[in-house]
Amino acid sequence: MNNRIAITGMGIVSAIGMNVEENYGSLMQKKHGISRVEFIKTKLKSSILVGEIKKSNQELSHILGLDKGHNFSRTAMLGTIAAKEAVKDAGLSTESDMDCGFINATSVGGMDMTERYFYDFVENPEYRRFVETQCTGVNTQNISDYIKISGLSTTISTACSSAANAVIFGARLIETGRLQRVIVGGTDALCKFTMNGFNTLMILSDNYISPFDNNRKGLNLGEGAAYLVLESKDSYIERGKEPLAFLSGYANSNDAFHQTASSEDGAGAFLAMKKALKLGHIDSKDIDYINAHGTATPNNDLSEGRAISRVFNNEVPKFSSTKPYTGHTLAAAASIEAVFSLLALKNQVIFPNLNFKEKMSEFNLTPVLEVEKVKMNTVLSNSFGFGGNCSALIFNKS
Amino acid sequence: MINLKFELKTKLIAALNLEGMTPDDINDSDSLFGDGIGLDSIDALELIVMLDKDYGIKFTNTEEGQSVLKSISSMAEYITSNRTK
Amino acid sequence: MIKNCYINGVGCISAQKTYDGTFLNEIIDHDNEPVVNVVKPEYHKYISPSSVRRMSSGVKNGIVASTLAMDEANIEQIDAIITGTGLGCLQDSEKFLKCLIEHDEEYLTPTPFIQSTHNTVAGQIALMHKCKGYNFTYVNTSSSFNAALLDGLMQIQTNEAKSVLVGGVDEIAPHTTSLFQIIEHYKSSTTNKNDSQNGQSKGHVCGEGCAFFVIESEKKESSYCEVVDVHFLNRLSHKAPNEFIVDFIRKNQLELDAVDAVILGCNNDVSFDHIYDGIQHLFSTSHLLTYKHLFGEFMTSTGVATWMACQIFKTSSIPKELVLQEGHRPIKNILIYNQYRDRDHSLILLKNV
């Protein structure tokens, strides 16, 4: 990687806040957003906990000023709110500014609408405007139309590593000179399809999750969206915009082990972290904090723990998973956690790994347990998904 | 019990999409998993759901499920004694 | 230094027989049926019976096509796997969703859920070949294949990878098809067949298929052509399609009359096919080709167009069924232009080797 890519803006919406400031406040106050499902009628209501954003679709639509006949899915609305904040934060305002790429990520897409109206579409014409939102690409179109982005735009869907991969592709488009500015990140809403899907895999916890804990039982699903604005040096200098931080390393690799489970030695995770470090010419000793994928499933945390131990030769830096705050936000996870990593860098603070009680018997790893002021320059953020898809991002302070 | 066994073989072939197989290809006492018919853990999950849906059978743990699913005969015997549908 | 990017292996499963090394020797007439399925290869030759039984059409087709491409390029290991799909693994999505709704969240099994994730094909191919490299899936309506190809091209050009498997795949699922027919994005059985053929009715024929390519920095005997450039825009807010195309050609140091053949994505949808009319005037002396009347329309059909271009380069011939306008010069450059409902305007430029 010849030049670090500048990050000039960010936006986020999650169970712990509707914007960057609210999210930061909740992180600092150890205030999680995990609760029972409220806006979806499901038999799982009393058996699972989720990171639900406590705003109905009507309220989200009102926030965005959408007219009555809109066809935004919940996923698209959450994405638009976060993307709008990122654009504002980066000070992108002119038509020329918005000649900018958009690399979105989602796994749910418009499934929240498809599952609601799957048979009703046939009988009721009023819902038919949501038929095409089944295409993840249409959700991306809705967001980019609203924000008025005119550059190259696409959607990535690789399960839980999706948003990291959106960041990676956006960075490469800048590095190859195809784009000067690009908005990157992801969005996913809660829906019955995913809640039930994960339930069949028996990896949902009925309690508040505790990543890297010996007695962890599984994950809490969540919803949300987050985007970063990436820019080339020429672009941010011309615009007179000071970067928040830099993306200094990234990588994607594959476990090639099983459709859903990670290999026990975390081969894919190990490779992704190593490649990211190598790309950025960064020594593992220079990593000050790891925002782990840490879903609290027996499988992920074992696999990730092993991979981290190998990468850092058992001298593992401070680390935590912030999923106990927000739940596992699937395709949006990597960008939500990128925002948290950038907040950590900006404020020189590590957010705790909530609910942790007992370290795993397999190794000697204890995450950060309280809000901790730490001098840091470089943060690593991990995201690993189904299909063995593993991604790592490294951020540096300005 | 003979009808039930035939029914189970037909359902098994349909549920697990065993193309090219007929009920005559499965003997009552053939081992369904491993070296016999060659089903795996994902198939076991499908069969457990089928037993619940069609016969009202619910297993309390996976070991119980595994022993019942050994063969068509063991499934038929268990269903006859425990079915609620 | 920018490396060249060669297509060294191809595999295509479509509504014509495109997997046996021939180039449309026997055209199958689908008689303007509103839905056309692929001509199936012998899956058992490529996939074990215990695996194939769980796989949807898209996964099976993807595995066969990718195997064909890798065999032709004579490689066993690949540095990256990049796929595109417009609607993803629809058959498993529908299966899970139907059960969810009909049984009110009871009797659900994990297999269709797992297989409904959009990157299932890329994940399965990686598992089969034990490929631990870069693995991305683009799911962005009709520019999905283009995004995958662009990503692969960038990897080769910057020497991040030497061999990349790039593919596009889409499959048909019954309920989704009926919904798109109801909203007239697809033609239906009530559409008059003459109107359908003459582009006088709304919607397009619903197709499915997949096309996989091994792209490499090394030129080989099996090389079909070079991938020069790929571009796509969600919405043409500031320029007309003609301008979009001209800018792209000029950016690649060519003039319009150097584009010897243009493959157009006309799909007989009366609402949108007119977009291609203006483009015909730009290329009055080039070969103009169309293909969706043979293959149907699906979100990753530009993959099939790319397969076609490869065959044209290899055989130096064009089946007459593809010809909209005859050109009068040998083919050194082929441009593929596509759009879907005036969105996702996309371009691929290929060059002879």
With each label point set 7 Å from Cα along the Cα-Cβ vector, what nm distance links A:E95 and A:S284?
5.3 nm
At 222 nm, what value in deg cm²/dmol follows for chain A if DSSP H runs of at least 4 each add -39500 (n - 2.57) and the sum is divided by all its residues, to the nearest 500?
-10000 deg cm²/dmol
Determine, at each q value in 0.04, 0.05, 0.08 (inverse angstroms), the log₁₀ of I(q)/I(0) that the Debye formula gives when each Cα of the protein assembly as shown is one equal point scatterer.
-0.16, -0.25, -0.67
Let me know the mean shielding of A:132-144 by other chains, meaning the per-residue number of their Cβ atoms within 10 Å of its Cβ.
5
Listing C:T306, A:T155, C:T109 from the residue with the fewest other Cβ atoms within 10 Å to the one with the most, what is the order?
C:T109, C:T306, A:T155
Direction-averaged shadow area of the convex hull around the Cα atoms of the range C:281-348, nm²?
4.8 nm²
For the range C:60-178 the translational diffusion coefficient, Stokes-Einstein from a Kirkwood Rh over Cα pairs at 20 °C and viscosity 1.002 mPa s, in µm²/s, is roughly 140 µm²/s
Could you work out how far apart the two model spin labels at C:D342 and C:H44 are, taking each label as a point 7 Å from the Cα in the direction of the beta carbon, and quote it in nm?
5.1 nm
Three-way shape label, chain C, alpha-carbon gyration tensor, a/c 1.5
oblate
Could you check the simple spin-label distance between A:N364 and A:I237, using points 7 Å along Cα→Cβ, in nm with one decimal?
4.8 nm
With DSSP loop assignment and no more than 10 other C-beta atoms within 10 Å, the chymotrypsin sites (Phe, Trp or Tyr not before Pro) in the range C:100-136 are none
In Å³ and rounded to a whole number, note down the convex hull volume per residue for the Cα atoms of the range A:120-181.
98 Å³
Given a Förster radius of 22 Å and the C-beta distance between B:E64 and A:K45 as r, what FRET efficiency does 1/(1 + (r/R0)^6) yield to the nearest 0.05?
0.20
Going by how many other beta carbons lie within 10 Å of each one, how would you line up C:F298, C:F283, fewest first?
C:F283, C:F298
Under 1.5 on a/c is rounded, so check that first for chain A, then, if it is not, pick prolate when a/b is larger than b/c and oblate when it is not; a ≥ b ≥ c are the square roots of the alpha carbon gyration tensor eigenvalues.
oblate
Using mean Cβ contacts within 10 Å as the protection proxy, how do A:19-29, C:222-232, A:35-45 order, highest first?
C:222-232, A:19-29, A:35-45
Förster radius 25 Å - calculated FRET efficiency between C:D31 and C:I183 (Cβ-Cβ, nearest 0.05):
0.55
Counting only DSSP beta bridges with both residues in the range A:5-239, tell me the antiparallel percent, nearest 5.
60 percent
Over the Cα atoms of chain B, Rg to Rh with Kirkwood Rh, two decimal places?
0.92
Quick one: which residues, 5+ away or cross-chain, put their amide H under 5 Å from the amide H of C:V228? H built at 1.01 Å from N.
C:L349, C:L350, C:K351
Overall dimensions of the range A:171-292 by Cα: Rg and Dmax, Å:
18.6, 53
Could you tell me whether the range C:6-216 comes out rounded, prolate or oblate from its Cα gyration tensor? Rule is a ≥ b ≥ c as square roots of the eigenvalues, rounded for a/c under 1.5, then prolate if a/b exceeds b/c, otherwise oblate.
oblate
Rg/Rh for the range A:247-397, where both radii come from Cα atoms and Rh is the Kirkwood radius:
0.92
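Read the figures in this text as sums done on the coordinates, not as results from a lab. These numbers come from a predicted model, not from an experiment. Heads up, the Cβs are rebuilt from the backbone with ideal geometry, glycines too, and the neighbour counts pull from every protein chain shown.
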